[in-house]
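Right, one structure below, let's go through it.
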Amino acid sequence: MKALVKMAPGAGNWQVIEKPEPTINDDQVKIQVEYIGVCGSDIHTYEGHYNVNAQNLTIGHEFAGIAVEVGKNVKHVKVGDKVTSETTFEVCGTCRYCQAREYNLCSHRKGLGTQQDGACANYIVARGASVHVLPINLSCKEAAITEAAACAHHGVEKAKIFKNDIVLVLGPGPIGLLVAQVVKAKGGKVVMTGLTKDMKRLKTAKAKFGIDYIVDVQTQDVKELVNTLTDGYGADVCLDCTGAVPSMQLGMDLLRKRGQYVQVGLFAKDEVTVDFSKIIQKELVVSGSRSQNTHDWEPTLQMMADGDIRADLMITHELYINEWEKAYNLVKSGEAIKVVLKPLPLDEE
């Protein structure tokens, strides 16, 4: 089979090569891949900022396809089912986090596309317990971005959102747009921010996804808007999806006293400057959100099936795995919202 593989450590070194079809054990599922979503972490891996030392690794962790072989211990999946999978491939199973099914926090966790061969191939092997059968009305193409949507769900679940709460979603990238849709499904009113260069994406957010308010923070006064909407108190919740320090500082500034701040986006550097006096004086509740967890997947799939998360509108481009560089450029330029890739046909030379 053909696979898109990170051949050596460092930036780049991606190549489509021939790999043997994988085999499964009794606790696993073999999936014929239909579509693979391109994630921001894939971009960071390609650029040499993430998973730098990986080699001989098949890329890709957002995907959906058809179950073609099912281990005898896996009872909830049958051959022919349309499925997707959590990225969790291996965990210790004994630590307190595994016991609570918080697999994203297990220190021994191995993930698809990062430590274990991923989905940019004709077939992938997934941990049976991580596989989810798709709702009947959800296509494999739409479900290919379930992992990203589950990350958004995981972040939003870190805060308590009530009907008509004013919720800041900082950043109109794919995760920001997914977060905003989850917030709206919970009854929150979304104020989405971006830079002048993001204006096209912000307008798309309002037109396609019904975002309540959009703001270019470089030319518009977001604080005035938030004060108008909240009688001067400030926003109830902030979810930063940018990983930019100025964005974080803006979000904490715009929150009301006892407001909730959730960091969803990854910072470029591990250590950043935080104004802790603001956290203390305003009694802010600050949370981090790491990836997704098993309990996020079924609610996310249901939201996608119900149309609360419009995966069909998120996906703007479709390419084959050997067109990776084109996909990379579409993402980096901001022209694409989400790109999905398809495996090469098995008989293609």
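The values are calculated or read from the model by the stated rules, or taken from the named source; none is laboratory data. Nothing here was measured: the structure is a model prediction, and the numbers come from that model. Every residue, glycine as well, gets a Cβ built from its backbone with ideal geometry; the counts of neighbours run over all protein chains shown. Each accessible area value is taken on the protein alone, full model and side chains, heavy atoms only, with ligands, DNA and RNA left out. Shrake-Rupley method; radii C 1.70, N 1.55, O 1.52, S 1.80 Å.
Structure data summary
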| read-out | value |
| --- | --- |
| Residue check for Val70: β-branched (Val, Ile, Thr), surrounded by fewer than 19 Cβ atoms within 10 Å (Cβ to Cβ), free of Cβ contacts under 8 Å to residues at least 60 places away in the same chain and within 27 Å of Ala305 (Cα to Cα) | no |
| Met303, sole failed condition from (1) of a type in the set (A, V, I, L, M); (2) in a helix (DSSP H, G or I); (3) touching a strand residue (DSSP E or B) at 6+ places or on another chain (Cβ under 9 Å) | (3) |
| Residue among Glu318, Glu335 that is over 16 Å from the mean Cα position of the chain (by Cα) and assigned to a strand (DSSP E or B) | Glu318 |
| The one condition in (1) touching a residue at least 12 places away in the same chain (Cβ under 8 Å); (2) among the polar types (S, T, N, Q); (3) open to solvent by 50 Å² or more (accessible area, probe 1.4 Å) that Asn329 fails to fulfil | (1) |
| Matching option when the condition is in contact with a His (Cβ under 7 Å, 6 or more places away or on another chain), of a type in the set (Phe, Trp, Tyr) and within 27 Å of Glu90 (Cβ to Cβ), among Trp324, Trp297 | Trp297 |
| Long-range neighbours under 8 Å by Cβ, at least six apart or interchain, first residue touching a residue at least 60 places away in the same chain (Cβ under 8 Å) within the stretch 315-326, second outside any strand (DSSP E or B) and among the hydrophobic types (A, V, I, L, M, F, W, C) | Ile315/Ala144; Ile315/Ile145; Ile315/Ile337; Ile321/Cys120; Ile321/Leu344; Asn322/Leu344 |
| Residues being surrounded by fewer than 15 Cβ atoms within 10 Å (Cβ to Cβ) and either of a type in the set (D, E, K, R) or at positive phi (or both) - total across the stretch 187-222 | 7 |
| Condition met for Glu318 (under 30 Å from Pro20 (Cα atoms) and open to solvent by 60 Å² or more (accessible area, probe 1.4 Å)) | yes |
| In the stretch 6-26, residue most open to solvent (accessible area, probe 1.4 Å) [restricted to those that are touching a Lys or Arg at 6+ places or on another chain (Cβ under 7 Å) and under 18 Å from Gln116 (Cβ atoms)] | Asp26 |
| Identity of the residue in the stretch 253-264, of a type outside the set (D, E, K, R) and open to solvent by 10 Å² or more (accessible area, probe 1.4 Å), that ends up farthest from the chain's Cα centre (by Cα) | Gln260 |
| Hits in the stretch 14-40 (condition: free of Cβ contacts under 8 Å to residues at least 24 places away in the same chain and not hydrophobic (A, V, I, L, M, F, W, C)) | Gln15, Glu18, Pro20 |
| Tally, over the stretch 295-310, of residues that are buried (at least 16 other Cβ atoms within 10 Å of the Cβ) and either in contact with a Pro (Cβ under 8 Å, 6 or more places away or on another chain) or among the hydroxyl-bearing types (Ser, Thr, Tyr) (or both) | 4 |
